[in-house]
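What follows is a set of notes on a single structure, which appears directly below.
The values are calculated or read from the model by the stated rules, or taken from the named source; none is laboratory data. These figures come from a predicted structure and were not determined experimentally. As a convention, Cβ positions derive from the backbone with ideal geometry for all residues, glycine included, and neighbour counts pool all protein chains shown. Ligands, DNA and RNA are stripped out before the accessible areas are found, and what is left, the full protein with its side chains, is counted by its heavy atoms. Shrake-Rupley method; radii C 1.70, N 1.55, O 1.52, S 1.80 Å.
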Amino acid sequence: MINNKIIIGSRGSKLAILYAEKAKKTILDNHTDLNIDIKIIKTSGDIHHSKSLSEIGGKGLFSKQIEEELLDQKIDIAVHALKDLPSDETNGLETKIFLKRNDPRDVFISLNYKSIFDLKSHSIIGTSSFRRAAQLGILRKDLNIKLIRGNIDTRIYKLEKKEFDAIVLSYAGIKILGLENKISKVFSDEEMLPCVGQGVIALQTRKNDQDILDLISKVNDLNTFNCVIAEREMLKTIEGDCDTAVGGLATINNNLITLKSELFSLDGKQKFFAKISGELNKAREIGIKIGKELIAQAGNTYKKK
């Protein structure tokens, strides 16, 4: 930070820029004297759209170049969709500021069908997520689940070109893009438990950069923070990555935090479920406990050898 000027780093997709703009506005609401610029950084994940993330290097492809600019002090804050960040923090960086969570649920989008249960047998449904593929396979065993990559506009375009009969996306992204009219149905979290961190905008800083942390601490939503801690501790405990079909969602009610999680075998045929509630200050411990319970149920069935 130089003379009250802050540079935020962001991916260049329409959605990522809207997330960065939201972070900028939220910071300025608390510090009107700041001058904030957004720097667009192209990531490897934005270039390779034809393969699954696991084939081209995993989740970190959406954050690596941005994190490098943060470490090199070319930007002051990195803004990420939390679900794109690996659970293990990059050395020298920390992610502990989170905006208030957007709706974490998934949505079903189709031109001709109102829900997944209306699809004809062998219909083609698109997703880039192993978690969603496993969940869809449980809801409907007779569907043809195919990989779809690219930004939200690209995926909707492929649907409209009839390459797919339906697609599944996150509600948060659809909402911020103003595309809610495209939604056929919102999945309940009983039908499709979201991925860890879904709907959360994360602000990443250099470790111990106290000036920046002091500036942005007021934008940290404490309920979101505690939910994220529980969810990501679960993910770390099971050593989850982009190959892991796992869902996890924490909620808070009357100072009690509840974490639900489900883990799938590699073939998607087995589902392992755990749910724990406890005091809010035990979020980290609850995440670890859930992770260990899932491992006890699943053994090595969910990890590649």
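Brief remarks on what is shown
- Candidates in segment 184-208 are the residues that are open to solvent by 30 Å² or more (accessible area, probe 1.4 Å) and over 24 Å from F117 (Cβ atoms); of these, the one that is modelled with the lowest pLDDT is N208.
- Residue list for segment 156-178, filter: without any contact (Cβ under 8 Å) to a residue 60 or more places away in the chain and closer than 14 Å to S110 by Cβ: I156, K158, L159, E160, K161, K162, E163, F164, D165, A166, I167
- The listed residue being under 20 Å from L93 (Cα atoms) and either outside any loop (DSSP other than H, G, I, E, B) or open to solvent by less than 50 Å² (accessible area, probe 1.4 Å) (or both), out of D214, D243: D214
- Within segment 100-155, if we keep just the residues that are without any contact (Cβ under 8 Å) to a residue 24 or more places away in the chain and part of a loop (DSSP other than H, G, I, E, B), the residue that is surrounded by the most Cβ atoms within 10 Å (Cβ to Cβ) turns out to be I148.
- When restricted to residues that are open to solvent by 40 Å² or more (accessible area, probe 1.4 Å) and in a loop (DSSP other than H, G, I, E, B), segment 156-165 contains 4.
- On the stretch given as segment 1-10, residues that are modelled with pLDDT under 95 and not β-branched (V, I, T) total 4.
- In this entry, T237 passes the filter for residues that are modelled with pLDDT of 95 or more and over 19 Å from I66 (Cβ atoms).
- One residue from G287, G291, G248 being in contact with a Leu (Cβ under 7 Å, 6 or more places away or on another chain), without any contact (Cβ under 8 Å) to a residue 60 or more places away in the chain and in a helix (DSSP H, G or I): G287
- Positions within segment 1-40 being surrounded by fewer than 16 Cβ atoms within 10 Å (Cβ to Cβ), β-branched (V, I, T) and not in a helix (DSSP H, G or I), in sequence order: I2, T32, I40
- Single residue of R284, R232 found to be open to solvent by less than 80 Å² (accessible area, probe 1.4 Å) and under 19 Å from S87 (Cα atoms): R232
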